[in-house]
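Since the structure comes first, as structure tokens, the remarks are kept for the end.
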Amino acid sequence: AKRHGRGRVTRYAPGMVEAVAERHALEHDLRIALDKHQFHLVFQPIMSLSNDAIVGYEALIRWQHPTRGFVSPVSFIPLAEETGLIVPIGAWVLNEACRRAALWPAHQHVAVNVSAVQLRSPKLLAHITSALAASGLPPHRLEIELTETALVEDGRQVAHTLSAIRQLGLKIAMDDFGTGYSSLAHLRDLPLDRIKIDRSFVAAALNDKHSMAVVKAVTQMGSDMGIVTIAEGVEDADQLALLRSIGCDAVQGYLIGRPERQMNSRLPVVAISNA
Ligand code: C2E
Ligand code: CA
Ligand code: CA
Ligand code: CA
């Protein structure tokens, strides 16, 4: 970069100009992705440890771009949040998740990830109610997953929105529990129904006594507070056995099932005949 002298490029690290251009291109593509029907949802099962039944599914967004191919939500969700595009994208996710879940057996719920930006949007409640109305899904079968970062700022406003969501009859889960700040304060102060223990703790529990202690303590706290605990990222039988033995309520992870595009033809017969 020095060879270009003291001109306008000196402020940029090598590759930065390209990165900015790439970001703009991705943002441009993201803007048209909804109209072009490039998103779809996959569903990952959640299994109760009281009877080993599949009690619901988490909806996860997928973006199939015509030339980029599959773009991970880990890279486009943050961009969608910065640009505000997460609000219309999130509305689509809510609609699609409810529409699909309405075809499942009545004991199964759908869990939808809602970002901090959506939680602050005055449109969120309307998006939830219209997704429920359009699909006919009963509110108690819809759960909202929030990460701790969604809850940090503006605590009173967030608590108010959460109460309104709960009054509609939805359940609220704290996602990635243990990875954010002041987890315990949130547990005490916010109206939560579920805690999802972050997969980093689950993955390390059998090799690291501190992770094990966290998993045990969160499970115990959840049980004392009447909050359902769900362990994320369960990948092997030893982890499952551990979670069972300490009284965790439910599990999710590759061992139980990968996120899948659940086509309508693969739905259980009961769901179709009940529809
Ligand atoms: P998350 O909400 O924590 O979702 C769980 C992630 O862990 C998913 O990644 C899932 O595929 C992955 N996973 C599940 N089981 C296992 C396992 O056993 N092992 C491992 N290694 N991974 C497992 P995915 O689908 O790539 O999503 C990443 C993140 O993107 C999500 O993390 C969530 O924060 C965000 N996201 C996904 N879909 C949506 C959406 O519709 N709306 C919003 N706002 N965020 C979304
Ligand atoms: Ca989640
Ligand atoms: Ca999670
Ligand atoms: Ca996560």
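The values are calculated or read from the model by the stated rules, or taken from the named source; none is laboratory data. All values reported here derive from a predicted model rather than from experimental measurement. Surface accessibility is based on the protein's heavy atoms, side chains included, excluding ligands, DNA and RNA. Shrake-Rupley method; radii C 1.70, N 1.55, O 1.52, S 1.80 Å.
Here are some notes:
- Based on protein heavy atoms only, the chain ends up with 52 Å² per residue of surface accessible to a 1.4 Å probe.
- Percentage relative contact order, the chain, counting C-alpha pairs under 8 Å, at least six apart: 17
- Those lysines that a straight Cα-Cα span of less than 17 Å connects to residue 196, excepting residues fewer than 8 apart in one chain: 171, 216
- The order of 70, 76 by accessible area, most exposed first and with a 1.4 Å probe, is 70, 76.
- Cut-off under 5 Å, modelled amide H: who pairs with residue 113 long-range: 59, 145
- Share of carbon and sulfur in the accessible heavy-atom surface of the chain [1.4 Å probe, %]: 55
- By the rule of a C-alpha distance below 16 Å, with chain neighbours fewer than 8 residues away ignored, the aspartates and glutamates paired with residue 36 are 27, 96.
- Rounded to 10°, Cα long-axis angle of helix 86-101 versus longest principal axis of the chain: 30
- Translational diffusion coefficient (Stokes-Einstein; Kirkwood radius from C-alpha pairs) of the chain at 20 °C, 1.002 mPa s, in µm²/s: 106
- Debye intensity ratio I(q)/I(0), log10, the stretch 96-161, q values 0.20, 0.23, 0.27, 0.28 Å⁻¹ (C-alpha model): -0.81, -0.97, -1.16, -1.21
- Value at 222 nm in deg cm²/dmol, rounded to 500, when DSSP H runs of n ≥ 4 in the chain each add -39,500 (n - 2.57): -13500 deg cm²/dmol
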